[in-house]
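Beneath this line is the structure, given in structure tokens, with notes to follow.
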Amino acid sequence: MSVSSIKEFETIKHPVHEELAGYEGAKFGMWLFLATELLLFGVLFAGFAIFHAKYPVEFKLAHMSLDRVMGSINTVILITSSMTVALAIDAIQRGKRNLSIWFLVATILLASGFLVVKYFEYTAKFHHNIFPGNAQQVVIDHHTHQYGPVPSQWEGKAVDKNGVNLFFSFYFVMTGIHGLHVLIGMIVLTWVLIGMIKGKYTHWYYTPVENSGLYWHLVDLIWIYLFPLFYLIQ
Amino acid sequence: MAHAVAHEHDHNKSYLEVGRSIWGWLTTTDHKKIGIMYLFTIMIYFAVGGISALLVRLELIAPGKTFFSPDTYNVLFTLHGAIMTFLFIVPGIPATLGNFLLPLMIGAKDVAFPRINLASYYVYLIGSFISLVSLLSPADTGWTFYAPYSMKTNGLVVWLTLGAFIMGFASILTGFNFIVTVHRMRAPGLGWSNLPLFVWALYATAIIQLLATPVVGMNLVLLIFERVLDIGIFNPAKGGDPILFEQFFWFYSHPVVYIMILPAFGVVSEILPVFSRRPIFGYKAIAYSSLAIALVSFLVWGHHLFVSGMSDWARYIFSFLTFFVAVPTAIKIFNWLATLWKGSLEITATPMYYTLGFLFMFTIAGLTGLHLAVLSTDVYLHDTYFVVAHFHYTMQGGTVFALIAGLHYWFPKITGRWYNKKVAFWGWLILFVGFNATFLPQFLLGLEGMPRRYFDYLPHFQTWHLVSTIGSWFNGLGYVIVLTNLLVSAFTGEKAEANPYNALSLEWQTSSPPPETNFITTPTFPASIYDYGTEGKEEDTSKTKKAV
Amino acid sequence: MFEWFVDSASTIAPQVNIVMNLVNFITGLAFILTNAALVYFIIKYRRRKEGEITSRIDQNHTIEVIWTVIPSIILTILFVIGLKDFRELRAAGQNYKEIMVSAKQWAWEFTYSTDSDLIQSPKKIKTDNVLYLEENERVKLIMKSKDVIHSFFVPEFRVKEDVVGNIYTYVTFTPLISQRQATMTDEERKAWYQITQDQKEIIPQVEDQCKKVQEKYGINLPAGTCGSYRIFCTEYCGKDHSYMLGSAVVLKKDQFLQLMNKLKEEQGKIVVSAEYGKEIYEIKGCKSCHSIDGSKVVGPSFKGIWGKPRKLADGRVVTVDENYITRSILEPTIEVAEGYPNIMPPQDLNEEQIQSVIEFIKSLNK
């Protein structure tokens, strides 16, 4: 069944189809869904803020264990992938299907890059006996990056092992759930890619591509908050 | 020259006559069928939750161990709460009546995202199965899962909370589906100021579903991580904060009670005008107060934490805000009473006497909320049977009775048939008496200081416990009669006409049951769908709106 | 009216009674007015024939404003009134005695201080499940939980607050001997404190503690010198939540001092014995999970285990001796018996108590 304009497509009297809501409706629905994701992560940010206030010394000490280089690489990867997905949408808006395919592939590859870096980060932590719920070690020296058991004092202040543990609990849970969203985003983008290859999307119908892009931007946005919170704040 | 070809979608067939196979139902994207599937499922869970309630009350018929051990009792009240909350009442009216009626009431052929609608049903169903896996080694945490107890206790708490988390997704999917539907799918000429109040109610509810659910979702995920990974966030021994769990939990669970009651208010607003032959009084006030309640509901969760160890200042603020949310609710009651004034009340109509009974029970529900909003009295009443009675009056006396009223009211529309009216009346009477007999004594128990979630109690509390247990048997019997009547009549009831009530809202302007695509021709709107009053009219305009 | 439901046994109780009665009155009035209107309309406007004339009036700004403003005013007044008494409920004031409350699954422990320092010392007087208070002396109960969330509630004092594990919470009040307690006849006392046979074994601490004080310590308590009120746990805390009860005993000054002296004496000469061990077993919550007749409840029974080998969950076999029992009390998660769940919380018993428990367990071998 072929149609020759968006208008005709949107008014097709086919009994039940997602297109009932139209392009605007679908986008609106996506934004509403993204609001729920913000609230989901909001709980974690709120929890982090509360424990940061309770254990300022321990959080400061523990955060030295996070590798800023890897964190920065991941930030660059995600920002670039947001750009590539935007370009993919732009390409299909202009009818350039092949270009869009390449940009989608690039986005997915960058996303897997993110997850690979994450894998190395996590395994490094495990190697140093830092597990969610059971962080036995921490970086005790900025300069040498030497790992040692959690000290009872640091920079003249008492250190509560619980505080260090809680930092890492938040680290693993927040970056882990974010990583899960990266994975979900990759799966969604792959599904869109397959559709793109099969020719489902054209310059007048690309709603799923755009909505997936929106989702991907949210995943990126959350990382933009996570990264400074964990890796940068002194 | 066109030959007569068998048309793929015969628009004159009712929705029940299309796609009749089981596969047809299971893969349907028709909002009406999805609503019915939700209805069957939640009703089965209602029965399971109801039986566990009867067993809880049975144990409490006398002090001491009557039938069960304390552990079994604790499991029973957990099951009752968890099943009734997550598997029955949260989907409740929106997933059943809401799904069926929303597109019909706005003149649309379906909701904005029909496939997501079907997905929400399966997400809910799978979530419910996952939570029921916990029955293999049932949780005894109470439906509120307070840490640290819920972190340490034996039992498949993770399965139960994971199931609740997944069902939360279904709630979110329904939420944004309804919001986009109301914004984008209204038939030409239907503005926001002419929307049926049930639609306003569903819209306000959807906002809450969207914004509150993720919070409890994440809270439960954190609880799961506590159990599985021992992360420590709620564990006092590891520097965590158990009260934080309560804060996150009630941030959702207070708004959720408005998810439960707002649609019920919507049903009442639809039924009263029809059976009073009066316009709804204060349309704007009711519509805006629904939105106001939805918004303010996010600001009062702390009233569940008045004796939790929270700061005193927080308690003052939450008490003040709690009074605030009482005002829009009171206004609705006055508006409904004014709708009855100078009307012609068909009090023998089943939906009408259910609704009138709702007004009685909801005044009790709402007013007893005040005892709990006042700080000094709440200190005494918190975690006593007074609270149990209050929330059963709102949830059962309010939401469940409204759901059943709505099922009776829209029964002809949904099934094309009538239920047995005599059986319906006796069922209602037994149910109404039984419900009040079960829960009125519990206010007295609360005033006497009887705590909640107690397996055993001191003998001087026995009198009211005994009355309450006996009441529960009639409460249960009432449901059996009422629901059996509806179920059997759905298949064998006498045929009903398209608009037996001469009602004005759009769902009545199509056949009973409706065709698959709801309307054969695009419906047109009367100036007001509540224009029932006859005074000063030459002709009763409601009488001229006959069905297609 | 609220007085019909529960005694008033603290200085704040009469004020809370007034607020409760006021709330009851206002809500009762609102209930009657709305439902009277409902019933009146049902009767007056019920349909008598088809085609009746009905009003088309669907709004009235004046009335709508009135019924918005008046309830708002009434509700604000209620808020303010509730707030005032609540602030008093929470204000300990300048002169008060502190009592430490420790809650655990499923027992209460009270530590009395003769001055206002909080430090737990073995010299302080401690009681289990029964709280002794001096009439007319303001107290502040400083509370913490050893495990899950509990809640301390004495209806007659009108106080309640959750007891949590991460911070200290408190209730504060000035206890009185209520009118009713002062004038109850023996018959009435018997009826009020009546509990079932099973309950007598499980929660003897809720029986008439005034009588107990007289019997156990030989202190003469004429009418009006003692009131005994129930303490309830009001936050679900597991299996024996409904058995986590106690008694708050209010005594007149003289009698209170006599009792405190007797307790000091008694606790000063704690003798390690199997009888004391049995007492510990009963009042500290051990009996909720361990039987003494061989049956499995939650943890292993204590019957006949002394000196015998025991298989642990990790495969090792240990002997049930002094060390094993001591470790099982202080650090139960390290050596879990095979076939039993690893859920026992560590118990805070002192040297004499642990030794007495050991004696008690030994005595169960017979």
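The values are calculated or read from the model by the stated rules, or taken from the named source; none is laboratory data. Keep in mind that this is a model prediction, so the values were computed, not measured. Using ideal geometry, Cβ is built from the backbone for each residue, glycine included, and neighbour counts are taken over all protein chains shown. Remember, those area values only see protein heavy atoms, side chains included, never the ligands or the DNA or RNA. Shrake-Rupley method; radii C 1.70, N 1.55, O 1.52, S 1.80 Å.
Would you mind giving the mean number of other chain beta-carbons within 10 Å of the Cβ of each residue in B:109-116, as a whole number?
On the way: counts 5, 5, 3, 8, 8, 6, 3, 4.
Mean shielding by partner chains, rounded to a whole number: 5.
Take the residue pairs C:124/C:278; C:160/C:303; C:264/C:284; C:264/C:303 and return only those whose Cα atoms are more than 28 Å apart. List each step's numbers first, then the result.
Details: C:124/C:278 22 Å; C:160/C:303 39 Å; C:264/C:284 20 Å; C:264/C:303 33 Å.
Distance filter (> 28 Å) returns C:160/C:303; C:264/C:303.
Based on alpha-carbon atoms only, what is the radius of gyration of the stretch A:99-139 relative to the globular estimate 2.2 N^0.38 Å? Walk me through the numbers on the way to the answer.
Details: Rg = 15.7 Å, N = 41, 2.2 N^0.38 = 9.0 Å.
Compared with the compact-globule rule of thumb, the stretch A:99-139 sits at 1.75.
What share of Cα pairs, in percent, lie more than 18 angstrom apart in the stretch A:21-119? Could the numbers behind the result be given before it?
Details: 3374 of 4851 pairs.
Pairs farther apart than 18 Å: 70 percent.
Less than 18 Å apart at the alpha-carbon level, and either on another chain or at least 8 residues along: which aspartates and glutamates does that give for residue C:190?
Partners found: C:7, C:198, C:201, C:207, C:208, C:215.
With a 1.4 Å probe and all protein chains in place, put B:438, B:524, C:11 in order of accessible area, largest first.
B:524, C:11, B:438
For every helix of n ≥ 4 consecutive DSSP H residues, a contribution of -39,500 (n - 2.57) applies; sum these over the protein assembly as shown, divide by its total residues, and give [θ] at 222 nm rounded to the nearest 500 deg cm²/dmol.
It comes out at -18500 deg cm²/dmol, rounded to the nearest 500.
Could you sort C:162, C:58 by accessible area so the largest value comes first, with the probe set to 1.4 Å? Please report the intermediate quantities before stating the final value.
On the way: C:162 5, C:58 65 Å².
Ranking C:162, C:58 by accessible area, largest first, yields C:58, C:162.
Across 20 Å bins from the origin, how do the percents of Cα pairs in the protein assembly as shown run, short distances first?
Percent of pairs per bin, in order: 11, 37, 35, 16, 2, 0.
Within the stretch B:406-428, list the residues whose amide N lies under 17 Å from a label point set 7 Å along Cα→Cβ of residue B:348.
B:419-428
Quick one: compute a quarter of the convex hull surface over the Cα atoms of the stretch B:205-357 and quote it in nm². Can you show the working numbers first?
Numbers: hull surface 44.3 nm².
Value for the stretch B:205-357: 11.1 nm².
Give me the tail of P(r) for chain A as a percent: Cα-Cα pairs with distance above 32 Å. Display every interim value, and only then the final one.
Working: 9177 of 27261 pairs.
Beyond 32 Å sits 34 percent of the P(r) for chain A.
Counting Lys +1, Arg +1, Asp -1, Glu -1, what net charge surrounds residue B:316 among other residues with beta carbon under 14 Å of its beta carbon?
On the way: positive: B:315, C:84, C:87, C:90; negative: B:312, B:378, C:85, C:88.
Overall, the nearby charge balance is 0.
Calculate the length of the line joining the C-alpha centroid of the stretch C:135-213 to that of the stretch B:68-94, in whole Å.
31
Roughly how far apart, in whole Å, are the Cα centres of the stretch A:26-93 and the stretch B:341-378?
Using only Cα atoms, the two centres lie 47 Å from each other.
Running a GNM on chain A with Cα contacts under 10 Å, which residue among A:46, A:26, A:111 ends up with the highest mean-square fluctuation?
A:46
Between residue A:120 and residue A:76, what is the FRET efficiency for a Förster distance of 25 Å, r being their Cβ-Cβ separation, to the nearest 0.05?
0.95
May I ask you to work out the translational diffusion coefficient for the stretch C:97-268 at 20 °C, viscosity 1.002 mPa s, via Stokes-Einstein with Rh from the Kirkwood sum over Cα pairs, reported in whole µm²/s?
Details: Rh = 16.4 Å.
The calculation lands on 131 µm²/s.
Using the structure shown, list the pairs from B:65/C:308; B:65/B:422; B:109/B:342; A:161/C:144 with a Cα-Cα distance above 30 Å, or answer none.
Check vs 30 Å cut-off fails for B:65/C:308; B:65/B:422; B:109/B:342.
Measure nothing but the geometry: give the 0 to 90° angle between the long axis through the Cα atoms of A:161-198 and the longest principal axis through the Cα atoms of chain A, rounded to 10°.
Compared with the principal axis, the helix lies near 20 degrees.
If you take every DSSP beta bridge whose two residues both sit in the protein assembly as shown, what share of them, in percent to the nearest 5, is antiparallel? Please report the intermediate quantities before stating the final value.
Working: 44 of 57 bridges.
So the antiparallel bridges in the protein assembly as shown amount to around 75 percent.
Among the aspartates and glutamates, select those whose C-alpha is under 15 Å from the C-alpha of residue C:211, and discard any that sit fewer than 8 residues away in the same chain.
C:186, C:187, C:188
Compute the distance from the alpha-carbon center of the stretch B:113-147 to that of the stretch C:51-86, in whole Å.
About 40 Å separates the Cα centre of the stretch B:113-147 from the one of the stretch C:51-86.
What does the charge add up to near residue B:285, with Lys and Arg as +1, Asp and Glu as -1, over the other residues with Cβ less than 14 Å from its Cβ? Walk me through the intermediate numbers first.
Values: positive: B:284, B:332; negative: C:58, C:64.
Net charge around residue B:285: 0.
What is the ratio of the Cα radius of gyration of chain B to 2.2 N^0.38 Å, where N is its residue count, to two decimals?
Details: Rg = 23.5 Å, N = 548, 2.2 N^0.38 = 24.2 Å.
Ratio of Rg to 2.2 N^0.38 Å for chain B: 0.97.
Kindly express, to the nearest 10 degrees and within the range 0 to 90, the angle between helix B:70-82's C-alpha long axis and the longest C-alpha principal axis of chain B.
Value to nearest ten degrees: 30.
So which aspartates and glutamates pass the test for residue A:60, namely a Cα distance under 16 Å, with those fewer than 8 places away in the same chain ruled out?
Within the straight-line limit of under 16 Å, residue A:60 reaches these aspartates and glutamates: A:141, A:155, A:160.
Ignoring ligands and nucleic acids, what accessible area does residue B:391 show with a 1.4 Å probe (Å², nearest 10)?
Taking all protein chains as shown, residue B:391 has close to 50 Å².
Kindly provide log₁₀ I(q)/I(0) values, in the same order as q = 0.06, 0.08, 0.12, 0.14 Å⁻¹, from the Debye equation applied to equal alpha-carbon scatterers of chain C.
Relative scattering, expressed as log10 I(q)/I(0), comes to -0.34, -0.54, -0.97, -1.22.
Residue A:31 accessible area, nearest 10 Å², 1.4 Å probe?
Rounded to the nearest 10, that gives 140 Å².
Quick test of the membrane-span-like rule: which DSSP H helices of chain C reach at least 15 Å along their long axis (C-alpha atoms) with mean Kyte hydropathy at least -1.0?
Working: long enough: C:13-44 (45 Å, 1.43); C:61-90 (43 Å, 1.08); C:253-268 (22 Å, -1.28); C:351-363 (18 Å, -0.19).
Those that pass (Cα extent of 15 Å or more, hydropathy at least -1.0) are C:13-44, C:61-90, C:351-363.
What average number of partner chain Cβ atoms lie no more than 10 Å from the Cβ of the residues making up A:41-49? Walk me through the numbers before you get to the answer.
Working: counts 2, 3, 13, 4, 0, 6, 10, 1, 0.
What the average comes to for A:41-49 is 4.
Rg/Rh for the stretch C:274-363: what does it come to with C-alpha atoms and Rh from Kirkwood?
On the way: Rg = 12.0 Å, Rh = 13.1 Å.
Here the Rg-to-Rh quotient is 0.92.
What do you get for Rg/Rh of the stretch B:400-548 when both radii come from the Cα atoms and Rh is the Kirkwood radius?
Details: Rg = 21.9 Å, Rh = 18.6 Å.
Checking Rg against Rh, the ratio lands at 1.18.
Residues with beta-carbon under 14 Å from that of residue B:248, excluding residue B:248: net charge, scoring Lys, Arg +1 and Asp, Glu -1?
Working: positive: none; negative: B:226, B:241, B:246.
Summing Lys/Arg as +1 and Asp/Glu as -1 gives -3.
Quick test of your reading: applying the under-4.7 Å Cβ rule, which cysteines of the protein assembly as shown are isolated?
Cysteines lacking a close Cβ partner in the protein assembly as shown: C:233, C:237, C:286, C:289.
Could you list, in their original order, any pairs among A:27/B:284; C:140/C:262; C:126/C:269 whose Cα atoms are separated by more than 21 Å? Write down the numbers at each step before the final one.
Numbers: A:27/B:284 30 Å; C:140/C:262 23 Å; C:126/C:269 13 Å.
Going by Cα-Cα distance, A:27/B:284; C:140/C:262 fall outside the 21 Å limit.
Sorted by accessible area with a 1.4 angstrom probe, largest first, how do A:144, C:76, C:225 fall? Each step should come with its number before you reach the end.
Working: A:144 90, C:76 70, C:225 15 Å².
Result, largest first: A:144, C:76, C:225.
Would you mind giving the mean number of other chain beta-carbons within 10 Å of the Cβ of each residue in B:216-223, as a whole number? Walk me through the intermediate numbers first.
Numbers: counts 1, 4, 10, 2, 0, 5, 5, 0.
Shielding by partners across B:216-223 averages 3.
Round to the nearest 10 and report in Å² the accessible area of residue B:298, as given by a 1.4 Å probe over the protein chains' heavy atoms.
We get 30 Å² for residue B:298.
Based on Cα coordinates alone, diagonalise the gyration tensor for the stretch C:196-317, multiply each eigenvalue by 5, take square roots, and list the semi-axes in whole Å, largest first.
On the way: eigenvalues 242, 73, 28 Å².
Semi-axes, largest first: 35, 19, 12 Å.
Please work out, to two decimal places, the log10 of the ratio I(q)/I(0) at q = 0.14, 0.16, 0.22 Å⁻¹ from a Debye calculation in which every Cα of the stretch A:115-164 carries one identical scatterer.
-0.40, -0.51, -0.85
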